[in-house]
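Colleague: Structure incoming, see below.
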Amino acid sequence: MADGLDSKFALARDTRTPGKTLAKLASHKNWAVRADVASNPRTPSKALVKLADDKRWEVRTEVALNANAGGKVLEMLAEDEHISVRTAVALNPKTPGSALRRLSKDKSAVVRLRVAENRNVPGGVLRRLGSDDDRDVRRAAGENHHSPKKVK
């Protein structure tokens, strides 16, 4: 049985695995296999949409980190209840500005810090984060190479 599961993990991780196979593995009963599928850059966008609604936060986090996650998926995950998922969305350079704006007001300083570090964060968001209550967030906003001069 372990050999069967090991082969599923290997397929889920392999960047040469066909998208059709990855889409099928996106429904696997083992959450760790689904997480590996979610992290695979070859996973089709339709499968990533499905995985973005997974009951396990670990799977949703991998979707949020995937460079091929679409803007709508990242917008949805920006409102996730789990801090790890929101942090992953804040880290993704493809996260839309509207989601980064929302995350810049997150109750978690860690999420706001990752927004301030995102290379594609809008300048207005960086200005706001430049006066954040958390000093690490303020520092990161000032150090962001896209930071407006008023923040630095």
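The values are calculated or read from the model by the stated rules, or taken from the named source; none is laboratory data. Source: prediction; values computed, not measured. For neighbour counting, all protein chains shown are included, and Cβ atoms are generated from backbone atoms with ideal geometry for every residue, glycine included.
Colleague: When the residues of the range 38-87 are filtered to those that are part of a loop (DSSP other than H, G, I, E, B) and of a type in the set (A, V, I, L, M), which remaining residue is nearest to V110 (Cα to Cα)?
Modeller: A78
A quick yes/no check of all residues on (1) farther than 26 Å from L129 by Cβ; (2) at pLDDT 95 or above; (3) surrounded by fewer than 18 Cβ atoms within 10 Å (Cβ to Cβ):
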| position | (1), (2), (3) |
| --- | --- |
| G19 | yes, yes, yes |
| L22 | yes, yes, no |
| A38 | yes, yes, no |
| V49 | yes, yes, yes |
| A78 | no, yes, no |
| E81 | no, yes, yes |
| T87 | no, yes, no |
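Colleague: Can you tell which of D133, D106 is loosely packed, with under 15 Cβ neighbours inside 10 Å, outside the structural domain of V49 (by TED's automatic domain parsing) and at pLDDT 95 or above?
Modeller: Numbers: D106 fails: loosely packed, with under 15 Cβ neighbours inside 10 Å.
Exactly one of D133, D106 is loosely packed, with under 15 Cβ neighbours inside 10 Å, outside the structural domain of V49 (by TED's automatic domain parsing) and at pLDDT 95 or above, namely D133.
Colleague: Select from the range 87-146 the residues that are farther than 20 Å from T61 by Cβ, touching a Ser or Thr at 6+ places or on another chain (Cβ under 6 Å) and β-branched (V, I, T) and list them in ascending order.
Modeller: Result: V125, single match.
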